[in-house]
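All remarks here apply to the structure that follows.
The values are calculated or read from the model by the stated rules, or taken from the named source; none is laboratory data. Since this is a predicted model, take the numbers as computed values, not measurements. When we count neighbours, we look across all protein chains shown, and the Cβ atoms used for this are built from the backbone with ideal geometry, even at glycine. Ligands, DNA and RNA are stripped out before the accessible areas are found, and what is left, the full protein with its side chains, is counted by its heavy atoms. Shrake-Rupley method; radii C 1.70, N 1.55, O 1.52, S 1.80 Å.
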Amino acid sequence: MVPGATTSNQTPISWSNLPKEDDKPTLYENVNQTELIKKAKNHLLDYGTKFEPDIITASLGLYIYTATGHRVLDWTSGQMSCLLGHGHPEIVKVIADHAMQLDHLFSGMISPPVISLADRLCNALPEGLDKAFFLSTGGESNEAAIKLAKTFTGKFEIVGVGASWHGMTAQALGAQYHFGRRGHGPLMPGMHMLPPPNAYRSCFRKPDGSYDWEAELEYGWRMIDMQSCGSLAACIVECIQSSAGMHVLPPGYLKALKKHCMARGMLLIVDEAQTGVGRCGDFMAINHEDIVPDILTLSKTLGNGLPLSAVVASEKVSAGAAEKGFFFYTTHVNDPLPAAVGDKVLEIVLRDNLVEHSRKYGQTLHRGLQKLYSRYGCIGEIRGRGLMAGVEIVTNRETKEPALDLAKRIGSRAYQLGLWANLSSHPSFGGTFRIAPPITVTEIQIEDGLSILERAFAETEGTMPLY
């Protein structure tokens, strides 16, 4: 049975155990925002982003709270990570228990939560994803996956996809073609790029104007074959390119990609940092396409906001790489505390049928967003699947010119009204709101968020009302 499918004996979500909307956090309720902002300017190093103007003093359930007392519905799950919401009581208990009795170990030691997480995860994944180990971040897991593929194949060239995002470490960054590649000298050698599968903007079109992704993909591989020195090791891809503006791979793309990899003796790595563990209405996005990669990486959603990532591979890849001396030894590899959290996340998602919940309320979310599309001409396209959606803002639906300033003003108004939906404001994003609420979201909370968005569009000049 596909993980997350409905059965007669599944337990409904224990809503009574989740944080209530009227619960008031008190952890930092009396801080001085002006003073904190001054200290932040004095002592926080600039790492490439502009800080939001408010100091966040609490997060609980589906809400975040500011030092000024503003409560905001969190429609990005923190950094797309708090899959079950902030402060989930079962997660909190696991953290407290393991912080007290089993937190961190020597990297060559294993513990019950690590073994349990590996067992639960591999048994929930398709056959052929049989062996797992656990790290801290998505970038780290992709770094390890690329090294695993290179070791197994004995080759070194890696193919990425345009507009992708895989992390900040050397090989992960080398395989991503979106942002962050400048200013620090040569990147890893042997990195190649396929064209970004952007159905909205691609120049590859059939005579009827529809997106011709097959021709685009064939073109991309022809270019890579001409560039390659004959040492192609792996291709890494996201099923939904979130950072690029929530672009979903076209149906059939992933299977075609695997065929191209097999024809060249390459491995296929699928990065499910944001799409995994129920976010898209399937347990994994690969389930939707019925495809089994050679290596799967997870992060973000698996740890519900804690630093936890996973690399999962076939028995063949695991054993073959081990024979060739694969090595990825870190301080926090297979740490028990985050592994216990990941194990509990999977238990809750499968026990409470949250995959089906995500699918059902994802439809509610997308229906509401499509209604907004019908009412405001500045919305160029609605994209996504399940509880993962993108709303692209343009100056004109015909020219598709990005409207970054307008998008920022809409986002600012939505935040003032009580909704946080991250705006991908870098020019390569095209000005897209990325929406990914916790999958414990209720229908009322979705409707509340949609109402706030409607009001933000209505109250922002330049949104081009169509009614």
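Quick one: net charge of LEU337's neighbours, Cβ under 14 Å, K/R +1, D/E -1? Local charge sum for LEU337: -2.
With a cut-off of 10 Å between beta carbons, the residues surrounding GLY386 carry a summed charge of +3, where Lys and Arg count +1 and Asp and Glu -1. When the Cα positions of GLY342, GLY303, GLY276 are compared along the charge dipole of the range 233-368, GLY276 comes out farthest toward the positive end, with charges on each C-beta of Lys, Arg, Asp and Glu. The coefficient of translational diffusion for the chain, derived via Stokes-Einstein from the alpha carbon Kirkwood radius under 4 °C and 1.567 mPa s, stands at 56 µm²/s.
Peptides 454-462, 432-440 ranked from most to least packed, by the mean per-residue count of other Cβ atoms within 10 Å: 432-440, 454-462.
Averaging the sequence gap over all C-alpha pairs within less than 8 Å and six or more residues apart, then dividing by the number of residues, gives the range 115-193 a relative contact order of 24 percent. For the range 325-467, what does the accessible surface come to per residue with a 1.4 Å probe? Please give it in Å². Heavy-atom SASA per residue in the range 325-467 reads 39 Å². Note on the range 289-441: Cα-Cα pairs beyond 23 Å make up 55% of the total pair count. DSSP beta bridges confined to the chain are antiparallel in about 65 percent of cases. If you roll a 1.4 angstrom probe over the protein chains with everything in place, what fraction of the accessible area of the chain belongs to carbon and sulfur, to the nearest %? Carbon and sulfur together cover 55 percent of it. Between LEU417, MET168, PHE106, the Cα set farthest toward the positive side of the dipole of the chain (charges on each charged residue's Cβ, about the Cα centre) is that of MET168.
Normalised by the number of residues in the chain, the mean separation of alpha-carbon contacts (under 8 Å, six or more apart) gives a relative contact order of 21 percent.
Charging the Cβ of each Asp and Glu at -1 and of each Lys and Arg at +1, and nothing else, the dipole of the chain about its Cα centre rounds to 800 debye. Near SER231: Cβ cut-off under 11 Å, other residues only, Lys/Arg at +1 and Asp/Glu at -1. The net charge is +2. Restricting attention to the range 77-229, the count of lysine pairs at 8 or more positions apart or across chains with alpha carbons under 30 Å apart stands at 5. Magnitude of the charge dipole for the range 185-302, about its Cα centre and with charges confined to Cβ atoms of Lys, Arg (+1) and Asp, Glu (-1), is about 140 debye. Measuring max minus min along each principal axis, the C-alpha atoms of the range 91-176 give extents of 44, 28, 25 Å (largest first).
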